[in-house]
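This report concerns only the one structure given below.
The values are calculated or read from the model by the stated rules, or taken from the named source; none is laboratory data. These figures come from a predicted structure and were not determined experimentally. Virtual Cβ from ideal backbone geometry, glycine too; neighbours counted across all protein chains shown.
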Ligand SMILES: Cc1cc2nc3c(=O)[nH]c(=O)nc-3n(C[C@H](O)[C@H](O)[C@H](O)COP(=O)(O)OP(=O)(O)OC[C@H]3O[C@@H](n4cnc5c(N)ncnc54)[C@H](O)[C@@H]3O)c2cc1C
């Protein structure tokens, strides 16, 4: 291994070469200095550490994480590079010391745990850390309000964005060349773990992680004209195309949300815009809103009471916890949803709302426990959206109506009147 200086690129939730400003900057720095570039990621952990202690990660979610890293590794290999895995932030720091690193580039993630990771990497270090926010549609300087005044209520946020005619920041061109890695470096590359979807999963059998698959999936969804049907189908409980299933690609950063909107705009130019195609943008605005709310409120969002003045009377240690997680509550629709979640790593938005409301309102559970279970099971786990939605339903976040209750019996009548979804998950309806 050389003793010459080196630049590290640390992939976090941005496993792509397209529209990746942080990676583009890292390459420019390494190229200018004539030094090698090492691409690094932290191995996915088998467990998540949460409010309710250590939870085993769902099998599909874990496989998806491994396969995402492996897909990027193969993309890098085609350019004479590789992805090197480290176990945790301490080993990343030790590696940087060993390699005489001058710069570490990465995506900036405005969440408490991720901010602590960067602090652990920077305190007393000899390198400079360069972070780039790159998972949202807009940069802070594009917003029509200061970050400290991001509207709390979604409608006010969306209307201000639309009034300012904001659509998305211009995506950057994909990276085509990467400087070589340090010579004689012993790589620990990600293993090729297969993702096998459950036969009843809403994720189609050919839905695979990685940038190439993600781009193909979105292009196919557009080419099939699904955006013009989205408004009518989006509340279905299962199936392959009732919603876009962009969430897994956006959560892992295998697709840039800015590229998604650029392609949606091109679709509307070719095929005309409709209320339905607009609604995809509308939903992406929800994602965007939760991201900026985290920028504004930070760690406050993780308190038991969220943004409310008082903590609601909910049982932190809830005796129905295991029943809810396993889908054994006795409420047929809830049990079907929770079984789908565990078996597939995915759940429709409607079912997420229904099972979350049941945990909060019918079982009196703590929102942080529910959010932790989702985090451990979902392939598209995204802390911004997960926390934002749980707080919203609990009435501790941005809902102007102070929370939502989804009556499971009414939801069965409205969305599963013939019991098809319940039967799909082994519940006789
Ligand atoms: C309790 C709860 C927890 C959730 N946890 C997550 C999570 O961890 N990760 C995650 O990506 N989404 C989460 N969501 C939001 C939403 O359910 C999923 O994004 C959506 O169901 C994913 O399917 P899709 O990509 O087909 O969505 P589509 O209906 O096709 O929507 C397109 C995109 O818009 C965004 N979007 C849609 N609805 C929402 C929403 N309510 N909030 C934020 N963004 C939205 C997503 O990026 C989604 O991919 C959660 C919702 C609830 C109610």
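Worth a mention:
- So residue 63, is it surrounded by fewer than 21 Cβ atoms within 10 Å (Cβ to Cβ), part of a loop (DSSP other than H, G, I, E, B) and in contact (Cβ under 8 Å) with a residue 40 or more places away in the chain: no
- Helices (runs of 4 or more DSSP H) wholly inside segment 337-429 containing at least 3 residues that are in contact with a strand residue (DSSP E or B) (Cβ under 7 Å, 6 or more places away or on another chain): 367-377
- Any hit, segment 115-133, residues being within 23 Å of residue 280 (Cβ to Cβ) and surrounded by 15 or more Cβ atoms within 10 Å (Cβ to Cβ): yes
- Looking only at residues of segment 172-194 that are under 23 Å from the mean Cα position of the chain (by Cα) and modelled with pLDDT under 95, we find that the one that is surrounded by the fewest Cβ atoms within 10 Å (Cβ to Cβ) is 194.
- Qualifying residue in segment 353-365 (condition: more than 28 Å from residue 45 (Cβ to Cβ) and more than 15 Å from the ligand (Cβ to nearest atom)): yes
- Remark: pairs (first residue in segment 377-388, over 12 Å from residue 341 (Cα atoms); second residue near the ligand (Cβ under 6 Å from one of its atoms) and in a helix (DSSP H, G or I); Cβ separation under 6 Å; 6+ apart in sequence or on different chains) = 382/251; 384/290; 385/287; 385/290; 386/374; 388/290.
- Residue in segment 219-231 that is away from the ligand (no atom under 11 Å from the Cβ), surrounded by fewer than 20 Cβ atoms within 10 Å (Cβ to Cβ) and under 27 Å from residue 342 (Cα atoms) present: no
- Residue within segment 376-392 that is at positive phi and more than 9 Å from the ligand (Cβ to nearest atom) present: no
Yes or no, residue by residue, for (1) assigned to a helix (DSSP H, G or I); (2) surrounded by fewer than 18 Cβ atoms within 10 Å (Cβ to Cβ); (3) out of contact with any helix residue (DSSP H, G or I) (no Cβ under 9 Å at 6 or more places or on another chain):
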site	(1), (2), (3)
280	yes, no, no
283	yes, yes, no
293	yes, no, no
304	no, yes, no
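- Within segment 306-334, restricting attention to residues that are part of a helix (DSSP H, G or I) and out of contact with any helix residue (DSSP H, G or I) (no Cβ under 8 Å at 6 or more places or on another chain), the residue that is farthest from residue 427 (Cα to Cα) is 322.
- The single condition among (1) out of contact with any helix residue (DSSP H, G or I) (no Cβ under 7 Å at 6 or more places or on another chain); (2) away from the ligand (no atom under 15 Å from the Cβ) that residue 251 does not satisfy is (2).
- Only a single criterion out of (1) within 16 Å of the ligand (Cβ to nearest atom); (2) in a helix (DSSP H, G or I) is not satisfied by residue 239, namely (2).
- Residue among 403, 345 that is more than 7 Å from the ligand (Cβ to nearest atom), surrounded by fewer than 23 Cβ atoms within 10 Å (Cβ to Cβ) and assigned by TED's automatic domain parsing to the domain that holds residue 315: 403
- When 292, 286 are screened for being under 27 Å from residue 344 (Cβ atoms) and touching a residue at least 12 places away in the same chain (Cβ under 8 Å), only 286 passes.
- Check on residue 177, in contact (Cβ under 8 Å) with a residue 40 or more places away in the chain and either closer than 26 Å to residue 249 by Cα or not in a loop (DSSP other than H, G, I, E, B) (or both): yes
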